[in-house]
Amino acid sequence: MERQGSFSSQGSGTSGMSGDSKASGMSAGGGNNKKEHDGQQDLLEQQQSFAAGIFGVLFTLSKEKVDSSRKFAVAKIFLDYIQLLVLVVHPSFGWHIDESLFIWKVIEAINLKNPIVNQGYTFYLGILYLVASILVLSLVLCIWVGWCFKNQRFPFVWPIKVLRLFVSVFFQVFYIAALGVFLVAIDCHWLSSSDGNGEFKKHYVQAFQDVKCTSMPHLAHMLVALTLVIVFIVVSLTVTAADFELNPLAKRWLASASSSVEFRAVLIRTVATLAFALLDDLRKLQGLIIACCMTLMCYSFIRWEPHLYQWANHVRAGLYGSLSWASMMLCVLLYRLPAEPLDKKEDFAQSMTNAMLAGLAPFWLLAMFISWFRYRWTVNKALDAIRKMQPDQNIRDVYRWPDVQTVEMVSRVCRKWDPNDDEVVDPEAVKTAELVMKGGMAFFSTQPNMVLLYSSF
(Lines give C-alpha, C1' and ligand atoms only; values in the text may rest on other atoms or scores of the structure.)
Protein backbone atom coordinates (compact mmCIF):
# COMPACT_ATOMS: atom_id res chain seq x y z
CA MET A 1 0.00 0.00 0.00
CA GLU A 2 2.80 2.34 0.98
CA ARG A 3 4.64 1.47 -2.22
CA GLN A 4 1.48 2.09 -4.12
CA GLY A 5 0.91 5.38 -2.34
CA SER A 6 4.50 6.30 -2.78
CA PHE A 7 4.29 5.41 -6.44
CA SER A 8 1.10 7.37 -6.80
CA SER A 9 2.68 10.29 -5.09
CA GLN A 10 5.66 10.21 -7.37
CA GLY A 11 3.36 9.83 -10.32
CA SER A 12 1.38 12.86 -9.24
CA GLY A 13 4.54 14.83 -8.85
CA THR A 14 5.69 13.82 -12.25
CA SER A 15 2.32 14.79 -13.72
CA GLY A 16 2.53 18.15 -12.03
CA MET A 17 5.97 18.72 -13.38
CA SER A 18 4.80 17.63 -16.78
CA GLY A 19 1.80 19.94 -16.56
CA ASP A 20 3.99 22.86 -15.57
CA SER A 21 6.38 21.99 -18.35
CA LYS A 22 3.51 21.90 -20.88
CA ALA A 23 2.12 25.16 -19.63
CA SER A 24 5.56 26.69 -19.87
CA GLY A 25 5.97 25.28 -23.38
CA MET A 26 2.57 26.55 -24.44
CA SER A 27 3.45 29.94 -23.04
CA ALA A 28 6.75 29.94 -24.93
CA GLY A 29 5.02 28.65 -28.05
CA GLY A 30 2.40 31.34 -27.71
CA GLY A 31 5.14 33.94 -27.47
CA ASN A 32 6.83 32.57 -30.58
CA ASN A 33 3.52 32.50 -32.42
CA LYS A 34 2.87 36.09 -31.40
CA LYS A 35 6.31 37.17 -32.63
CA GLU A 36 5.77 35.31 -35.88
CA HIS A 37 2.34 36.92 -36.28
CA ASP A 38 3.79 40.37 -35.58
CA GLY A 39 6.54 39.74 -38.12
CA GLN A 40 4.03 38.70 -40.76
CA GLN A 41 1.90 41.74 -39.95
CA ASP A 42 4.91 44.06 -40.33
CA LEU A 43 5.79 42.42 -43.65
CA LEU A 44 2.21 42.81 -44.85
CA GLU A 45 2.17 46.47 -43.86
CA GLN A 46 5.47 47.05 -45.67
CA GLN A 47 4.12 45.37 -48.80
CA GLN A 48 0.93 47.42 -48.59
CA SER A 49 2.94 50.61 -48.15
CA PHE A 50 5.09 49.73 -51.15
CA ALA A 51 2.05 48.94 -53.29
CA ALA A 52 0.34 52.14 -52.08
CA GLY A 53 3.42 54.12 -53.11
CA ILE A 54 3.46 52.62 -56.61
CA PHE A 55 -0.27 53.18 -57.11
CA GLY A 56 0.15 56.68 -55.73
CA VAL A 57 2.78 57.49 -58.35
CA LEU A 58 0.66 56.03 -61.16
CA PHE A 59 -2.47 57.80 -59.92
CA THR A 60 -0.68 61.14 -59.64
CA LEU A 61 0.84 60.80 -63.11
CA SER A 62 -2.50 59.75 -64.58
CA LYS A 63 -4.03 63.02 -63.39
CA GLU A 64 -1.35 65.06 -65.19
CA LYS A 65 -2.30 64.40 -68.82
CA VAL A 66 -0.37 66.06 -71.63
CA ASP A 67 -2.28 64.67 -74.63
CA SER A 68 -5.17 67.09 -74.10
CA SER A 69 -3.45 69.15 -76.78
CA ARG A 70 -4.22 68.17 -80.36
CA LYS A 71 -0.75 69.23 -81.47
CA PHE A 72 0.87 66.95 -78.92
CA ALA A 73 -1.36 64.03 -79.96
CA VAL A 74 -0.54 64.48 -83.65
CA ALA A 75 3.17 64.87 -82.89
CA LYS A 76 3.16 61.71 -80.77
CA ILE A 77 1.52 59.64 -83.51
CA PHE A 78 3.85 61.06 -86.17
CA LEU A 79 7.04 60.52 -84.14
CA ASP A 80 6.00 56.99 -83.24
CA TYR A 81 5.50 56.22 -86.93
CA ILE A 82 8.86 57.69 -87.94
CA GLN A 83 10.73 55.66 -85.31
CA LEU A 84 9.01 52.45 -86.43
CA LEU A 85 9.61 53.29 -90.10
CA VAL A 86 13.38 53.40 -89.48
CA LEU A 87 13.24 49.84 -88.12
CA VAL A 88 11.75 48.68 -91.43
CA VAL A 89 13.38 50.77 -94.17
CA HIS A 90 16.88 51.15 -92.75
CA PRO A 91 19.54 51.11 -95.52
CA SER A 92 21.42 48.31 -93.73
CA PHE A 93 18.76 45.88 -95.01
CA GLY A 94 19.74 46.63 -98.60
CA TRP A 95 17.13 49.26 -99.46
CA HIS A 96 18.29 51.87 -101.96
CA ILE A 97 17.79 54.96 -99.83
CA ASP A 98 19.53 58.21 -100.71
CA GLU A 99 20.90 59.11 -97.28
CA SER A 100 21.89 62.60 -98.49
CA LEU A 101 18.23 63.62 -98.82
CA PHE A 102 17.08 66.21 -96.31
CA ILE A 103 13.99 64.19 -95.34
CA TRP A 104 16.13 61.15 -94.49
CA LYS A 105 18.43 63.31 -92.37
CA VAL A 106 15.37 64.54 -90.46
CA ILE A 107 14.22 60.94 -89.95
CA GLU A 108 17.65 59.93 -88.67
CA ALA A 109 17.71 62.92 -86.32
CA ILE A 110 14.38 61.82 -84.84
CA ASN A 111 15.74 58.31 -84.40
CA LEU A 112 18.66 59.75 -82.33
CA LYS A 113 20.93 56.72 -82.74
CA ASN A 114 22.94 57.59 -85.86
CA PRO A 115 23.55 61.29 -85.01
CA ILE A 116 24.92 60.22 -81.62
CA VAL A 117 27.00 57.31 -82.93
CA ASN A 118 28.49 59.45 -85.71
CA GLN A 119 30.09 61.69 -83.08
CA GLY A 120 32.29 58.87 -81.81
CA TYR A 121 32.53 56.41 -78.95
CA THR A 122 33.37 58.93 -76.23
CA PHE A 123 30.44 61.15 -77.19
CA TYR A 124 28.13 58.14 -77.17
CA LEU A 125 29.23 57.17 -73.65
CA GLY A 126 28.57 60.73 -72.51
CA ILE A 127 25.02 60.58 -73.92
CA LEU A 128 24.49 57.10 -72.44
CA TYR A 129 25.31 58.27 -68.93
CA LEU A 130 23.40 61.51 -69.41
CA VAL A 131 20.27 59.55 -70.32
CA ALA A 132 21.02 57.19 -67.42
CA SER A 133 21.09 60.21 -65.10
CA ILE A 134 17.70 61.33 -66.44
CA LEU A 135 16.33 57.84 -65.83
CA VAL A 136 17.70 57.79 -62.27
CA LEU A 137 16.28 61.27 -61.65
CA SER A 138 12.89 60.05 -62.90
CA LEU A 139 13.01 57.11 -60.49
CA VAL A 140 13.98 59.42 -57.61
CA LEU A 141 11.04 61.68 -58.42
CA CYS A 142 8.78 58.60 -58.53
CA ILE A 143 9.95 57.65 -55.03
CA TRP A 144 9.34 61.20 -53.81
CA VAL A 145 5.84 61.31 -55.33
CA GLY A 146 5.05 57.91 -53.78
CA TRP A 147 6.22 59.13 -50.38
CA CYS A 148 4.11 62.29 -50.70
CA PHE A 149 1.06 60.30 -51.74
CA LYS A 150 1.49 57.92 -48.81
CA ASN A 151 1.69 60.82 -46.36
CA GLN A 152 -1.03 62.83 -48.16
CA ARG A 153 1.21 65.86 -48.34
CA PHE A 154 2.68 67.51 -51.44
CA PRO A 155 4.93 70.41 -50.39
CA PHE A 156 5.95 71.07 -54.02
CA VAL A 157 4.08 70.57 -57.27
CA TRP A 158 6.89 71.16 -59.78
CA PRO A 159 8.46 67.67 -59.34
CA ILE A 160 5.19 66.13 -60.49
CA LYS A 161 5.15 68.28 -63.62
CA VAL A 162 8.82 67.49 -64.34
CA LEU A 163 8.16 63.78 -63.85
CA ARG A 164 5.14 63.93 -66.14
CA LEU A 165 7.29 65.64 -68.79
CA PHE A 166 10.03 63.00 -68.47
CA VAL A 167 7.51 60.18 -68.66
CA SER A 168 5.68 61.64 -71.67
CA VAL A 169 8.76 62.45 -73.71
CA PHE A 170 11.29 59.89 -72.52
CA PHE A 171 9.17 56.79 -71.91
CA GLN A 172 6.38 57.31 -74.45
CA VAL A 173 7.11 59.66 -77.36
CA PHE A 174 10.77 58.69 -77.90
CA TYR A 175 10.53 55.17 -76.47
CA ILE A 176 12.01 53.40 -79.51
CA ALA A 177 14.76 55.97 -80.04
CA ALA A 178 15.84 55.95 -76.38
CA LEU A 179 15.78 52.16 -76.23
CA GLY A 180 17.87 52.04 -79.40
CA VAL A 181 20.50 54.32 -77.83
CA PHE A 182 20.83 51.94 -74.87
CA LEU A 183 21.10 48.92 -77.16
CA VAL A 184 24.07 50.34 -79.10
CA ALA A 185 26.39 49.23 -76.29
CA ILE A 186 24.91 45.70 -76.33
CA ASP A 187 24.84 45.13 -80.11
CA CYS A 188 28.04 43.08 -80.32
CA HIS A 189 27.36 40.49 -83.06
CA TRP A 190 26.98 37.71 -80.54
CA LEU A 191 25.69 35.34 -83.24
CA SER A 192 28.26 36.21 -85.92
CA SER A 193 30.31 33.41 -87.45
CA SER A 194 32.99 35.83 -88.61
CA ASP A 195 36.54 35.36 -87.36
CA GLY A 196 37.28 39.04 -87.85
CA ASN A 197 37.90 39.02 -91.60
CA GLY A 198 34.25 39.34 -92.67
CA GLU A 199 31.83 42.23 -92.69
CA PHE A 200 31.33 42.07 -88.93
CA LYS A 201 33.64 41.06 -86.12
CA LYS A 202 32.23 38.78 -83.48
CA HIS A 203 32.04 40.28 -79.96
CA TYR A 204 32.81 43.77 -81.28
CA VAL A 205 30.36 46.67 -81.08
CA GLN A 206 28.40 47.07 -84.31
CA ALA A 207 28.62 50.87 -84.22
CA PHE A 208 32.29 50.94 -83.14
CA GLN A 209 34.16 48.08 -84.78
CA ASP A 210 37.36 48.67 -82.81
CA VAL A 211 35.66 48.29 -79.41
CA LYS A 212 35.50 44.76 -77.99
CA CYS A 213 32.43 44.00 -75.89
CA THR A 214 34.03 41.38 -73.66
CA SER A 215 36.93 43.59 -72.56
CA MET A 216 37.07 46.35 -70.01
CA PRO A 217 36.06 49.12 -69.84
CA HIS A 218 33.27 48.47 -72.37
CA LEU A 219 32.11 45.40 -70.45
CA ALA A 220 31.18 47.69 -67.55
CA HIS A 221 29.43 50.12 -69.91
CA MET A 222 27.53 47.21 -71.46
CA LEU A 223 26.30 46.03 -68.04
CA VAL A 224 25.12 49.56 -67.28
CA ALA A 225 23.30 49.71 -70.63
CA LEU A 226 21.71 46.29 -70.00
CA THR A 227 20.43 47.47 -66.60
CA LEU A 228 19.06 50.63 -68.19
CA VAL A 229 17.27 48.59 -70.88
CA ILE A 230 15.53 46.39 -68.30
CA VAL A 231 14.53 49.30 -66.06
CA PHE A 232 13.43 51.39 -69.03
CA ILE A 233 11.18 48.64 -70.43
CA VAL A 234 9.63 47.83 -67.04
CA VAL A 235 8.89 51.48 -66.24
CA SER A 236 7.43 52.10 -69.70
CA LEU A 237 5.14 49.08 -69.46
CA THR A 238 4.03 50.08 -65.95
CA VAL A 239 3.23 53.64 -66.99
CA THR A 240 1.38 52.40 -70.08
CA ALA A 241 -0.69 49.93 -68.05
CA ALA A 242 -1.93 52.79 -65.85
CA ASP A 243 -2.77 55.11 -68.74
CA PHE A 244 -6.49 54.64 -69.38
CA GLU A 245 -9.57 56.79 -69.01
CA LEU A 246 -12.56 55.89 -66.82
CA ASN A 247 -14.70 58.79 -68.03
CA PRO A 248 -16.50 57.74 -71.27
CA LEU A 249 -16.90 61.44 -72.16
CA ALA A 250 -13.20 62.28 -71.80
CA LYS A 251 -11.90 64.76 -74.37
CA ARG A 252 -8.24 63.82 -74.37
CA TRP A 253 -7.27 63.19 -77.97
CA LEU A 254 -5.60 59.83 -77.31
CA ALA A 255 -7.79 58.72 -74.40
CA SER A 256 -8.59 54.99 -74.19
CA ALA A 257 -11.04 53.16 -71.98
CA SER A 258 -8.53 50.34 -71.57
CA SER A 259 -4.73 50.22 -71.64
CA SER A 260 -4.53 46.64 -72.94
CA VAL A 261 -4.08 47.54 -76.62
CA GLU A 262 -1.45 50.21 -75.93
CA PHE A 263 0.30 47.86 -73.49
CA ARG A 264 0.40 45.22 -76.22
CA ALA A 265 1.70 47.83 -78.68
CA VAL A 266 4.58 48.74 -76.34
CA LEU A 267 5.50 45.06 -76.06
CA ILE A 268 5.44 44.74 -79.86
CA ARG A 269 7.60 47.86 -80.28
CA THR A 270 10.04 46.43 -77.74
CA VAL A 271 10.35 43.11 -79.57
CA ALA A 272 10.82 44.87 -82.93
CA THR A 273 13.48 47.21 -81.51
CA LEU A 274 15.36 44.35 -79.84
CA ALA A 275 15.27 42.34 -83.07
CA PHE A 276 16.52 45.33 -85.08
CA ALA A 277 19.39 45.99 -82.67
CA LEU A 278 20.53 42.48 -81.76
CA LEU A 279 19.86 40.23 -84.78
CA ASP A 280 22.11 41.83 -87.40
CA ASP A 281 23.76 38.44 -87.99
CA LEU A 282 20.42 36.74 -88.78
CA ARG A 283 18.94 39.14 -91.31
CA LYS A 284 16.14 36.91 -92.56
CA LEU A 285 14.92 36.09 -89.06
CA GLN A 286 15.28 39.76 -88.13
CA GLY A 287 13.10 40.85 -91.06
CA LEU A 288 10.49 38.17 -90.31
CA ILE A 289 10.17 39.22 -86.66
CA ILE A 290 9.82 42.89 -87.61
CA ALA A 291 7.18 42.03 -90.23
CA CYS A 292 5.18 40.00 -87.70
CA CYS A 293 5.37 42.85 -85.20
CA MET A 294 4.12 45.48 -87.66
CA THR A 295 1.29 43.26 -88.89
CA LEU A 296 0.21 42.40 -85.35
CA MET A 297 0.23 46.08 -84.41
CA CYS A 298 -2.01 46.95 -87.36
CA TYR A 299 -4.37 44.09 -86.54
CA SER A 300 -4.61 45.13 -82.88
CA PHE A 301 -5.78 48.65 -83.70
CA ILE A 302 -8.24 47.49 -86.36
CA ARG A 303 -9.61 44.74 -84.11
CA TRP A 304 -9.96 46.68 -80.85
CA GLU A 305 -10.23 50.39 -81.86
CA PRO A 306 -8.98 51.52 -78.42
CA HIS A 307 -9.20 55.32 -78.63
CA LEU A 308 -12.39 57.18 -77.75
CA TYR A 309 -11.82 59.55 -80.69
CA GLN A 310 -12.21 57.46 -83.81
CA TRP A 311 -9.93 59.53 -86.00
CA ALA A 312 -7.00 58.46 -83.78
CA ASN A 313 -7.85 54.78 -84.32
CA HIS A 314 -8.21 55.12 -88.08
CA VAL A 315 -5.04 57.19 -88.52
CA ARG A 316 -2.92 54.84 -86.40
CA ALA A 317 -4.35 51.76 -88.09
CA GLY A 318 -3.53 53.32 -91.46
CA LEU A 319 0.04 54.14 -90.46
CA TYR A 320 0.61 50.65 -89.09
CA GLY A 321 -0.93 49.27 -92.29
CA SER A 322 1.71 51.09 -94.35
CA LEU A 323 4.40 49.69 -92.03
CA SER A 324 2.97 46.20 -92.54
CA TRP A 325 3.28 46.66 -96.30
CA ALA A 326 6.88 47.90 -95.98
CA SER A 327 7.80 45.01 -93.67
CA MET A 328 6.32 42.46 -96.09
CA MET A 329 8.42 43.98 -98.86
CA LEU A 330 11.38 43.75 -96.49
CA CYS A 331 10.86 39.99 -96.19
CA VAL A 332 10.72 39.68 -99.99
CA LEU A 333 13.91 41.73 -100.25
CA LEU A 334 15.78 39.62 -97.70
CA TYR A 335 14.54 36.21 -98.83
CA ARG A 336 14.65 36.78 -102.61
CA LEU A 337 17.70 39.03 -102.98
CA PRO A 338 20.07 37.30 -105.43
CA ALA A 339 23.59 36.73 -104.15
CA GLU A 340 25.17 37.46 -107.54
CA PRO A 341 25.85 38.99 -109.98
CA LEU A 342 26.19 42.41 -108.38
CA ASP A 343 24.28 44.34 -111.05
CA LYS A 344 21.31 41.98 -110.80
CA LYS A 345 21.38 42.33 -107.01
CA GLU A 346 21.39 46.14 -107.26
CA ASP A 347 18.54 46.17 -109.78
CA PHE A 348 16.41 43.91 -107.59
CA ALA A 349 17.04 46.07 -104.50
CA GLN A 350 16.16 49.23 -106.44
CA SER A 351 12.93 47.76 -107.80
CA MET A 352 11.90 46.52 -104.33
CA THR A 353 12.64 49.95 -102.86
CA ASN A 354 10.49 51.65 -105.49
CA ALA A 355 7.64 49.18 -104.93
CA MET A 356 7.83 49.62 -101.17
CA LEU A 357 7.77 53.42 -101.34
CA ALA A 358 4.96 53.41 -103.90
CA GLY A 359 2.79 51.23 -101.68
CA LEU A 360 3.10 53.21 -98.44
CA ALA A 361 0.33 55.72 -99.14
CA PRO A 362 -2.16 53.26 -100.74
CA PHE A 363 -1.80 50.79 -97.86
CA TRP A 364 -2.20 53.61 -95.37
CA LEU A 365 -5.50 54.56 -96.97
CA LEU A 366 -6.56 50.91 -97.27
CA ALA A 367 -5.92 50.18 -93.58
CA MET A 368 -7.74 53.40 -92.62
CA PHE A 369 -10.75 52.32 -94.67
CA ILE A 370 -10.73 48.83 -93.14
CA SER A 371 -10.58 50.37 -89.65
CA TRP A 372 -13.46 52.75 -90.45
CA PHE A 373 -15.57 50.00 -92.02
CA ARG A 374 -14.89 47.55 -89.18
CA TYR A 375 -15.93 50.12 -86.57
CA ARG A 376 -19.06 51.24 -88.41
CA TRP A 377 -20.15 47.66 -89.13
CA THR A 378 -19.68 46.56 -85.51
CA VAL A 379 -21.43 49.57 -84.01
CA ASN A 380 -24.33 49.73 -86.47
CA LYS A 381 -25.00 46.01 -86.17
CA ALA A 382 -25.36 46.27 -82.37
CA LEU A 383 -27.32 49.54 -82.43
CA ASP A 384 -29.78 48.22 -85.01
CA ALA A 385 -30.57 45.29 -82.73
CA ILE A 386 -31.02 47.61 -79.74
CA ARG A 387 -33.33 49.99 -81.65
CA LYS A 388 -35.54 47.05 -82.66
CA MET A 389 -35.84 45.85 -79.06
CA GLN A 390 -39.39 45.25 -77.85
CA PRO A 391 -40.52 46.83 -74.53
CA ASP A 392 -41.02 43.45 -72.85
CA GLN A 393 -37.98 41.77 -74.38
CA ASN A 394 -35.21 40.40 -72.17
CA ILE A 395 -32.06 42.52 -72.60
CA ARG A 396 -30.01 39.34 -72.92
CA ASP A 397 -31.99 38.29 -76.00
CA VAL A 398 -31.51 41.57 -77.86
CA TYR A 399 -27.92 41.12 -79.02
CA ARG A 400 -25.23 38.55 -78.32
CA TRP A 401 -22.16 40.54 -77.30
CA PRO A 402 -18.87 38.81 -78.26
CA ASP A 403 -16.66 40.49 -75.64
CA VAL A 404 -16.32 43.42 -73.25
CA GLN A 405 -14.25 45.43 -75.72
CA THR A 406 -17.12 45.43 -78.21
CA VAL A 407 -19.50 46.62 -75.49
CA GLU A 408 -17.18 49.54 -74.74
CA MET A 409 -16.78 50.32 -78.43
CA VAL A 410 -20.53 50.50 -79.05
CA SER A 411 -21.14 52.46 -75.83
CA ARG A 412 -19.23 55.36 -77.38
CA VAL A 413 -22.54 56.27 -79.00
CA CYS A 414 -23.03 58.44 -75.89
CA ARG A 415 -20.22 60.74 -77.13
CA LYS A 416 -22.66 62.95 -79.00
CA TRP A 417 -22.65 66.56 -77.85
CA ASP A 418 -25.17 69.32 -78.26
CA PRO A 419 -24.14 71.45 -81.27
CA ASN A 420 -24.78 74.58 -79.21
CA ASP A 421 -22.97 73.44 -76.07
CA ASP A 422 -20.02 71.05 -76.14
CA GLU A 423 -20.50 70.29 -72.44
CA VAL A 424 -23.98 68.82 -72.87
CA VAL A 425 -24.52 65.36 -74.33
CA ASP A 426 -27.51 64.14 -76.32
CA PRO A 427 -29.93 62.47 -73.83
CA GLU A 428 -31.13 59.95 -76.42
CA ALA A 429 -27.56 58.87 -77.10
CA VAL A 430 -27.01 58.41 -73.37
CA LYS A 431 -30.13 56.23 -73.08
CA THR A 432 -28.92 54.08 -75.95
CA ALA A 433 -25.50 53.72 -74.34
CA GLU A 434 -27.18 52.72 -71.07
CA LEU A 435 -28.98 49.88 -72.86
CA VAL A 436 -25.63 48.83 -74.34
CA MET A 437 -24.13 48.70 -70.86
CA LYS A 438 -27.03 46.69 -69.47
CA GLY A 439 -26.69 44.23 -72.35
CA GLY A 440 -22.99 43.88 -71.62
CA MET A 441 -23.65 43.29 -67.93
CA ALA A 442 -26.15 40.57 -68.84
CA PHE A 443 -23.32 38.64 -70.51
CA PHE A 444 -20.20 39.63 -68.59
CA SER A 445 -21.33 40.54 -65.07
CA THR A 446 -18.51 38.50 -63.51
CA GLN A 447 -15.71 40.06 -65.56
CA PRO A 448 -13.80 42.88 -63.79
CA ASN A 449 -13.41 44.90 -67.00
CA MET A 450 -17.16 44.95 -67.54
CA VAL A 451 -17.91 45.83 -63.92
CA LEU A 452 -15.38 48.69 -64.05
CA LEU A 453 -16.81 49.91 -67.34
CA TYR A 454 -20.38 49.82 -66.05
CA SER A 455 -19.52 51.56 -62.77
CA SER A 456 -17.71 54.34 -64.67
CA PHE A 457 -20.67 55.03 -66.94
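The values are calculated or read from the model by the stated rules, or taken from the named source; none is laboratory data. Fair warning: this is a prediction, and the values are worked out from it, not measured in the lab. With ideal geometry, Cβ positions are generated from the backbone for all residues, glycine too; neighbour counts draw on all protein chains shown. For the accessible areas, the whole protein counts, side chains as well, though only heavy atoms, and no ligand, DNA or RNA atoms are used. Shrake-Rupley method; radii C 1.70, N 1.55, O 1.52, S 1.80 Å.
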Q. Around His307, which amide H atoms from residues at least 5 apart in sequence, or from another chain, sit under 5 Å from its own amide H, with H modelled in the peptide plane?
A. Asn313
Q: With a 1.4 Å probe and every protein chain kept in, tell me what percent of the accessible surface of the range 109-195 is carbon plus sulfur.
A: 71
Q: Could you go through the range 352-369 in sequence order and give the Karplus-derived ³J(HN,Hα) for each residue, using 6.51 cos²θ - 1.76 cosθ + 1.60 with θ = phi - 60°, rounded to whole Hz, and x for Gly and Pro?
A: 5, 5, 5, 5, 5, 5, 5, x, 4, 5, x, 6, 5, 5, 5, 5, 4, 5
Q. Say each of Ala361 and Val424 gets a label point 7 Å from the Cα, pointing the same way as Cα to Cβ; how far apart are those two points in nm?
A. 4.4
Q) Where nothing but the Cβ of Lys and Arg (+1) and of Asp and Glu (-1) is charged, how large is the charge dipole of the range 83-164 around its Cα centre, in debye to the nearest 20? A) 600
Q) Each label point is 7 Å from the Cα along the Cα-to-Cβ direction; what then is the distance between the points at Met389 and Val157, in nm? A) 4.3
Q. What FRET efficiency do you get for Asp397 and Arg70 if R0 is 45 Å and r is their Cβ-Cβ distance, rounded to the nearest 0.05?
A. 0.60
Q) Which far-off residues, 5 or more places away or on another chain, put their amide H under 5 Å from the one on Val425, with H placed in the peptide plane? A) Asp418
Q | Of Lys202/Lys345; Lys113/Lys345; Lys71/Lys251; Lys388/Lys431, those spanning more than 18 Å from alpha-carbon to alpha-carbon | A | Lys202/Lys345; Lys113/Lys345
Q. With each pseudo-label sitting 7 Å past Cα toward Cβ, what's the Tyr299-Leu285 distance in nm, one decimal?
A. 2.2
Q | Backbone N under 13 Å from the Arg336 label point (7 Å along Cα→Cβ), restricted to the range 353-395 | A | 353-356
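Order Phe232, Phe170 by their accessible area, 1.4 angstrom probe, all chains in place, largest first.
Details: Phe232 0, Phe170 30 Å².
Reading off the accessible areas and sorting them downward yields Phe170, Phe232.
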